[in-house]
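**Q** After the structure tokens below, expect a handful of questions from me.
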């Protein structure tokens, strides 16, 4: 059975003190609950080691929101995959639409990041998705397939099996728009078929595919009820424990 995952992406929010307070609150809320999914919090770099200490031994995993495509060296301001791993984080979000759009991250760059993340035993949450213009011109399937192929399809089956995929309809991020449950299922099923064609049915069936577009307490249960939607990559709704918790509980 593939993992059900609810991952929060805090983006560039929360001071260190606020992030620690949120982590403690979430940990305490989950302590005595039975939950049917894995929980991940994606924090800014400066939070990683402190948040990892706070949630150690709990039901919460920690993710970086990015890592460099270099192992080490004279790259001022960058953070390597080995540095991320040294903090106690065990996941890393790669290829987020904001990184692609604002920082011109290419398929080749992301391929290098994925390989370094895997070599440092981090689990990549690899994001794919189309912008509104691509959706309206019915190129969304081609766009997503190309993003997968160009960055992930040179991996061995063994390495690809460690990847989590997150589908972001970019037109639904922070806009209040949400893909319908049917639209989400259609794309998730397409992604799974694309993976099956490359890596085989067994690996595709075991790959967790998350939905990442304005998911919240009100729509999580309907989205997650789809057979190919294995959870969510949650932005704004992950910044408050009382808004994040109902999304986690949507799997109960």
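**Q** In the set 71, 56, which member is more than 19 Å from the chain's Cα centre (by Cα), touching a residue at least 24 places away in the same chain (Cβ under 8 Å) and either buried (at least 18 other Cβ atoms within 10 Å of the Cβ) or within 25 Å of residue 161 (Cβ to Cβ) (or both)? Reasoning before the result, please.
**A** Numbers: 56 fails: either buried (at least 18 other Cβ atoms within 10 Å of the Cβ) or within 25 Å of residue 161 (Cβ to Cβ) (or both).
The unique qualifying residue is 71.
**Q** Moving on. So residue 121 fits all but one of (1) free of Cβ contacts under 8 Å to residues at least 60 places away in the same chain; (2) closer than 24 Å to residue 195 by Cβ; (3) surrounded by 18 or more Cβ atoms within 10 Å (Cβ to Cβ); what number is the exception?
**A** Among (1) free of Cβ contacts under 8 Å to residues at least 60 places away in the same chain; (2) closer than 24 Å to residue 195 by Cβ; (3) surrounded by 18 or more Cβ atoms within 10 Å (Cβ to Cβ), residue 121 violates only (3).
**Q** Does the stretch 163-177 contain any residue that is more than 16 Å from residue 143 (Cβ to Cβ), modelled with pLDDT of 90 or more and crowded, with 16+ Cβ neighbours inside 10 Å? Can you show your working first?
**A** Our first condition is that a residue be more than 16 Å from residue 143 (Cβ to Cβ); within the stretch 163-177, this holds for 163-164, 174-177.
Okay, now just the ones that are also modelled with pLDDT of 90 or more, so 163-164.
Still in the running and crowded, with 16+ Cβ neighbours inside 10 Å: 163-164.
Within the stretch 163-177 (the criterion being more than 16 Å from residue 143 (Cβ to Cβ), modelled with pLDDT of 90 or more and crowded, with 16+ Cβ neighbours inside 10 Å), the answer is yes, since at least one residue qualifies.
**Q** Name every residue in the stretch 225-249 that is surrounded by fewer than 23 Cβ atoms within 10 Å (Cβ to Cβ) and farther than 18 Å from residue 175 by Cα, in order of residue number. Give the steps one after another, and end with the answer.
**A** Taking the stretch 225-249 and keeping what is surrounded by fewer than 23 Cβ atoms within 10 Å (Cβ to Cβ), we get 225-228, 236-237, 239-243, 245-246, 249.
Residues satisfying the conditions are 225, 226, 227, 228, 240, 241, 242, 245, 246, 249.
**Q** If a residue must be under 17 Å from residue 168 (Cβ atoms) and over 15 Å from the mean Cα position of the chain (by Cα), how many such residues does the stretch 196-220 contain? It would help to see each step written out before you state the result.
**A** Of the residues in the stretch 196-220, the ones under 17 Å from residue 168 (Cβ atoms) are 207-216, 219-220.
Checking the rest, the ones that are also over 15 Å from the mean Cα position of the chain (by Cα) come to 216, 219-220.
Residues that pass the stated criteria total 3.
**Q** In addition: Do we find a residue being in contact (Cβ under 8 Å) with a residue 12 or more places away in the chain, closer than 21 Å to residue 64 by Cα and out of contact with any helix residue (DSSP H, G or I) (no Cβ under 8 Å at 6 or more places or on another chain) anywhere in the stretch 212-222? Step through it out loud before you land on a result.
**A** Our first condition is that a residue be in contact (Cβ under 8 Å) with a residue 12 or more places away in the chain; within the stretch 212-222, this holds for 212-217, 219-222.
From what's left, closer than 21 Å to residue 64 by Cα: 212-215.
Those still in the list that are out of contact with any helix residue (DSSP H, G or I) (no Cβ under 8 Å at 6 or more places or on another chain) too: 212.
Checking the stretch 212-222: at least one residue is in contact (Cβ under 8 Å) with a residue 12 or more places away in the chain, closer than 21 Å to residue 64 by Cα and out of contact with any helix residue (DSSP H, G or I) (no Cβ under 8 Å at 6 or more places or on another chain).
**Q** Pick out, from the stretch 68-164, the helices (runs of 4 or more DSSP H) lying fully within it that include 2 or more residues that are in contact with a strand residue (DSSP E or B) (Cβ under 6 Å, 6 or more places away or on another chain) and under 29 Å from residue 50 (Cβ atoms). Outline the logic, then answer.
**A** Working: elements: 81-86, 97-102, 107-119, 132-136, 140-152, 157-160.
Per the criteria, 107-119.
**Q** If you don't mind, another one. It is to be established whether one or more residues within the stretch 25-41 are over 30 Å from residue 226 (Cα atoms), surrounded by fewer than 21 Cβ atoms within 10 Å (Cβ to Cβ) and out of contact with any helix residue (DSSP H, G or I) (no Cβ under 8 Å at 6 or more places or on another chain).
**A** No, every residue in the stretch 25-41 fails to be over 30 Å from residue 226 (Cα atoms), surrounded by fewer than 21 Cβ atoms within 10 Å (Cβ to Cβ) and out of contact with any helix residue (DSSP H, G or I) (no Cβ under 8 Å at 6 or more places or on another chain).
**Q** Under the condition of being touching a residue at least 60 places away in the same chain (Cβ under 8 Å) and touching a helix residue (DSSP H, G or I) at 6+ places or on another chain (Cβ under 9 Å), which residue from the stretch 181-209 is nearest to residue 249 (Cα to Cα)? Reasoning before the result, please.
**A** Applying the first criterion (touching a residue at least 60 places away in the same chain (Cβ under 8 Å)) to the stretch 181-209 yields 191, 205-208.
Okay, now just the ones that are also touching a helix residue (DSSP H, G or I) at 6+ places or on another chain (Cβ under 9 Å), so 191, 205, 207.
Working: 191: 25, 205: 23, 207: 21 Å.
By that ranking, first place goes to 207.
**Q** Another question, then. Mind listing whichever residues of the stretch 165-180 are assigned to a loop (DSSP other than H, G, I, E, B), touching a residue at least 12 places away in the same chain (Cβ under 8 Å) and out of contact with any helix residue (DSSP H, G or I) (no Cβ under 8 Å at 6 or more places or on another chain)? Spell out how you get there, then give the answer.
**A** Just the residues of the stretch 165-180 that are assigned to a loop (DSSP other than H, G, I, E, B), to begin with: 168-169, 173-180.
Next, from what is left, pick out any that are touching a residue at least 12 places away in the same chain (Cβ under 8 Å): 168-169, 173-179.
The answer is 175, 176.
The values are calculated or read from the model by the stated rules, or taken from the named source; none is laboratory data. On a predicted model such as this, the values are computed, not experimentally measured, just so you know. Note that we place each Cβ from the backbone using ideal geometry, even for glycine, and neighbour counts take in every protein chain shown.
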